[in-house]
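Note sheet for the following structure.
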Amino acid sequence: MALIVVKDVHFAYDDSKFVLRGVNLEVKLGEVVTLLGPNGSGKTTLLRCIYKVLKPRIGCIYIDGKNILDLTSREIAKVISGVPQEHETTFPYRVIDVVVMGKTPFLDLFSAPSIKDYKVAKNILEKLGKAELAERPYTQISGGERQLVLIARALMQNPRVMLLDEPTKHLDIVNKMKVLSIIKKLAVEKRLAVLMTLHDPNEAIMFSDKIVLVKEGKVICSISSEELTAESLEKVYGMPFRLVKDGNVKTILPVLEYTV
Amino acid sequence: MLSKRNYYLILFSPIPVILVSLGVGRYPLHLMFKSFSLGETASFILFNIRLPRILLCALAGATLSVAGASLQSTLRNPLVSPYILGLSQGAAFGAALAMLLLPYSSYMIPILAFIFGFSAVILACSLARIRGGFSTVTVILAGVIVAAIFTALLSIVKFISDPYRLSGIVFWTMGGFYKASWDYLLLAAPGSVTGLTILFFLRWRLNVLSMGDEEAKLMGVNVYRERLLVLISATLACASVISVSGIVAWVGLIVPHIVRSLVGSDNKYLIPASAAFGASILVLTDDLCRSLFSFEIPISIVTTLVAAPYFIYLLRKVGGEWR
Ligand SMILES: Nc1ncnc2c1ncn2[C@@H]1O[C@H](COP(=O)(O)OP(=O)(O)OP(=O)(O)O)[C@@H](O)[C@H]1O
Ligand SMILES: [Mg+2]
């Protein structure tokens, strides 16, 4: 059964222009779905609608069969966790203090995480291979390390759905592969539904079950990752691509029309 | 946390500070004891003059510091404090207005101080809110505007009140504890203890609020409601104290910074440590004010002279980190 259902969602920040124009989408249990599309096509906006930071003008979003308009932020946070595209750091909290914040939806207004929660947080950092960061101020680590810390915080929420807005941003190639593998593994093992945005079609092919191509606030097509073709990408990005096959590894390369 | 030892040292610092401060004053300690019991004058000075003054000072220091730390977290802005946001000026105006309109019902002073202090906070926050967020700069600018408005309103009250009441009203603009008594303490305590208690229990939540509206919401926080609760509690606590002490500048800004550098940013430790450190530092400052010269120095003058250079140092040292 689909865990997230997006039905005919229209959204506009101001009345002049619709940023989302009738988006339909489904994410099932244990499935990794990637949104792929040009800058400004509305990917971040769609994710924000799903975690109810923005309210669609038209259309509905269902989580586990329930309309999100009937759920509180807390009820939503018990099911969905996420990492936004941009994070502005504030006070120099320790990394472990940031990770443990993922416990928030399960705590009352007047309580704090227990020692056990700090242990869980530490385990999650360990799984991501970043246990040594725990005591460091999170304002003084690299952008990629901070990205991992925010992913750890999202995992701390013990979610059934993860919304990740460019989870590989700032990461080096090894950490990109590592993080995406972990996400993929979690989706399979813990039966998580993952909806993320990426900018690299090859990462999308490697790690997602389904790819949703987005352009100007509309879903152009929703296909399995094997079905992604150079033509479909060209339609979305307005630029030619070439598909290279090496055994059963498929790579998509942009065709440069411009010469310097 | 940076250091458990620092934390406990700070937490227990008010006890020795208060004990020592009881001995500070014009009337020397060694004259207080006739054989082994206190004389009548001495016990009056000790229990009816010094003790309430010291306790009020401690309460004010704790309140302003905790309010400062809480405001900094909820508005995710390290440069904010009750004074910079205009809360203090709003509360002082409310207190002066109560004094002008209802001179014989002193319990109205903290009530009006709260009403106008809260109006100032809400005004500053709504002026500063742009595109669903608070930017560091706009909050400060909005605070400057609101503080200016309420300072002007306070001047009007000064202008139209008679010379007798004027001295009382001038008091709120300068700040001081020389009027302290058990009555004053009783006037301030209910509001400030209530506000402090709420902020104390809410303190871990401040960490999450400081991650910004969108992320806090992602973690299930009802941002609007919880921020409002923080603002109300901080205003209640500050307005109650300001009703009896006047505006004491800078404490609420500087103390959280010093404490952050000693125990770390986690509000779970920052809030209690700020309360203790604020209490100690303000009691010590007041000791200086009443013993340095043959006359009393208004406490705000001292806090400003001490805190401003520290703040400049802070701005140079870590300003870049906070953009
Ligand atoms: N807060 C906002 N107010 C007004 N318009 C906005 C706002 N945020 C985004 N937009 C507009 O909405 C459109 C979609 O933005 P969105 O951030 O969803 O794109 P995106 O697909 O995530 O792009 P990117 O790949 O660059 O992250 C853009 O045209 C952008 O200018
Ligand atoms: Mg985006």
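Per the listing A:ALA193, A:ALA204, A:ALA187, the residue uniquely in contact with a Ser or Thr (Cβ under 6 Å, 6 or more places away or on another chain), open to solvent by less than 70 Å² (accessible area, probe 1.4 Å), closer than 24 Å to A:MET162 by Cβ and not basic (Lys, Arg) is A:ALA204. Residues in the range B:65-94 that are open to solvent by 10 Å² or more (accessible area, probe 1.4 Å) and within 11 Å of the chain's Cα centre (by Cα): B:TYR83 only. Pick from the range A:186-216 the residues that are over 15 Å from the mean Cα position of the chain (by Cα) and free of Cβ contacts under 8 Å to residues at least 60 places away in the same chain: which of them is nearest to ligand 1 (Cβ to nearest atom)? Going through the qualifying residues, I end up with A:ASN202. Only one of the listed residues (A:ASP108, A:ASP70, A:ASP64) is among the acidic types (Asp, Glu), more than 16 Å from ligand 2 (Cβ to nearest atom), closer than 30 Å to B:THR136 by Cα and open to solvent by 50 Å² or more (accessible area, probe 1.4 Å). That residue is A:ASP108. Taken over the range A:26-44, the criterion of being within 16 Å of ligand 2 (Cβ to nearest atom) and touching a residue at least 40 places away in the same chain (Cβ under 8 Å) is satisfied by A:VAL33, A:THR34, A:LEU35, A:LEU36, A:GLY37, A:PRO38, A:SER41, A:GLY42, A:LYS43, A:THR44.
Considering A:VAL27, A:VAL53, the condition of being open to solvent by 10 Å² or more (accessible area, probe 1.4 Å) and either away from chain B (no Cβ under 14 Å) or under 18 Å from A:GLY82 (Cβ atoms) (or both) is satisfied by A:VAL53 alone.
In the range A:143-176, the qualifying residues are those that are open to solvent by less than 30 Å² (accessible area, probe 1.4 Å), hydrophobic (A, V, I, L, M, F, W, C) and more than 14 Å from every other protein chain (Cβ to nearest Cβ), and the one that is farthest from ligand 2 (Cβ to nearest atom) is A:LEU148. Only residues that are at the interface with another protein chain (Cβ under 7 Å from one of its Cβ atoms) and surrounded by fewer than 18 Cβ atoms within 10 Å (Cβ to Cβ) were counted across the range B:214-235, and they come to 1.
Conditions tested, residue by residue: (1) closer than 22 Å to B:LEU55 by Cα; (2) surrounded by 14 or more Cβ atoms within 10 Å (Cβ to Cβ); (3) within 14 Å of chain A (Cβ to nearest Cβ).
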| position | (1), (2), (3) |
| --- | --- |
| B:VAL255 | yes, yes, no |
| B:SER265 | no, yes, yes |
| B:ILE281 | yes, yes, no |
| B:PRO298 | yes, yes, no |
| B:VAL302 | yes, yes, no |
| B:ILE312 | no, no, no |
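Being away from ligand 1 (no atom under 16 Å from the Cβ), loosely packed, with under 14 Cβ neighbours inside 10 Å and of a type in the set (Val, Ile, Thr): is that true of B:ILE160 here? Yes; evaluated as a whole, the condition is true for this residue.
How about the range B:80-198: which helices (runs of 4 or more DSSP H) wholly inside it have at least 1 residues that are more than 19 Å from B:LEU236 (Cβ to Cβ)? Lay out the reasoning, then the answer.
On the way: elements: B:82-85, B:87-101, B:108-128, B:136-160, B:163-174.
Counting at least 1 such residues, we get B:87-101, B:108-128, B:136-160, B:163-174.
Entry remark, the range B:167-183: residues being farther than 22 Å from B:ILE45 by Cβ and at pLDDT 85 or above number 0 in total. Identify all residues within the range B:69-84 that are aliphatic (A, V, I, L, M) and at pLDDT below 95; write none if there are none. Listed by number, the residues that qualify are B:LEU75, B:LEU79, B:VAL80, B:ILE84.
The values are calculated or read from the model by the stated rules, or taken from the named source; none is laboratory data. All values derive from a computational prediction rather than experimental measurement. Cβ atoms come from the backbone with ideal geometry, glycine included; neighbour counts cover every protein chain shown. Calculation scope for accessible area: heavy atoms of the full protein, side chains included, ligands and nucleic acids excluded. Shrake-Rupley method; radii C 1.70, N 1.55, O 1.52, S 1.80 Å.
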